[in-house]
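These notes concern the structure reproduced below.
The values are calculated or read from the model by the stated rules, or taken from the named source; none is laboratory data. Keep in mind the model is a prediction, meaning the values are calculated, not measured. Here the Cβ positions follow ideal geometry from the backbone for every residue, glycine too, while neighbour counts run over all protein chains shown. What goes into the accessible areas is simple: the full protein's heavy atoms, side chains included, and nothing from ligands, DNA or RNA. Shrake-Rupley method; radii C 1.70, N 1.55, O 1.52, S 1.80 Å.
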Amino acid sequence: MVVYEARPNVTVDAAALCLKTGNAIILRGGSDAYRSNRILAEVITGAAIEAGLPAECIQFVPDKDREALLELLQMKDLIDLVIPQRGRGPQGLPGRELEGAGHLRGRWNCHVYVDKSADLKQALAVTINAKCQRPGVCNAAETLLVHEAVRLSSFPKSSKP
């Protein structure tokens, strides 16, 4: 589940990332962009169904009430991970509600992972972009993880800083 506030792009971005990695998602946006988030969720759910995926793979919480969120946070047997949008999540999240429900809390660390099957030239470009394009944003890379089969010396040299 992803909990976020007034950024409708998160609705589409989070759903796309989860589907691409073979996961389902529950989307819980804030009240400021509720209508936009709801319509975007309907559109991407329709697209998922057209692509042959189950309708339940993308779920949007149709309730702006904080109590509905607190109830969802207690469903540890059904929700594997809750990710509150860093720096923009609902007031008090991450906080005692997440901690009490046993979900993600604490320091955030954005990772870039380079698999052994990766195109190393593309991996280098992604890595540089993930940190250098806008290093101050909340999703700027902080950690580079490289599969043990990849030798760092085999990365192409970059002329960029």
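Brief remarks follow.
- Set side by side, the residues 4, 34 differ, and just one is closer than 20 Å to residue 65 by Cα, open to solvent by less than 30 Å² (accessible area, probe 1.4 Å) and out of contact with any His (no Cβ under 7 Å at 6 or more places or on another chain), which is 4.
- A single entry from 10, 43 fulfils the requirement of being of a type in the set (A, V, I, L, M) and in contact (Cβ under 8 Å) with a residue 24 or more places away in the chain: 10.
- Flag if residue 37 is among the polar types (S, T, N, Q) and either over 19 Å from residue 54 (Cβ atoms) or in a helix (DSSP H, G or I) (or both): yes
- Residues being under 16 Å from residue 139 (Cα atoms), of a type in the set (Lys, Arg) and open to solvent by less than 40 Å² (accessible area, probe 1.4 Å) - total across the stretch 7-31: 0
- Test: residue 52 is assigned to a loop (DSSP other than H, G, I, E, B), at pLDDT 90 or above and exposed (fewer than 12 other Cβ atoms within 10 Å of the Cβ): yes
- Out of 35, 96, 66, one residue alone is out of contact with any strand residue (DSSP E or B) (no Cβ under 7 Å at 6 or more places or on another chain) and modelled with pLDDT under 55. It is 96.
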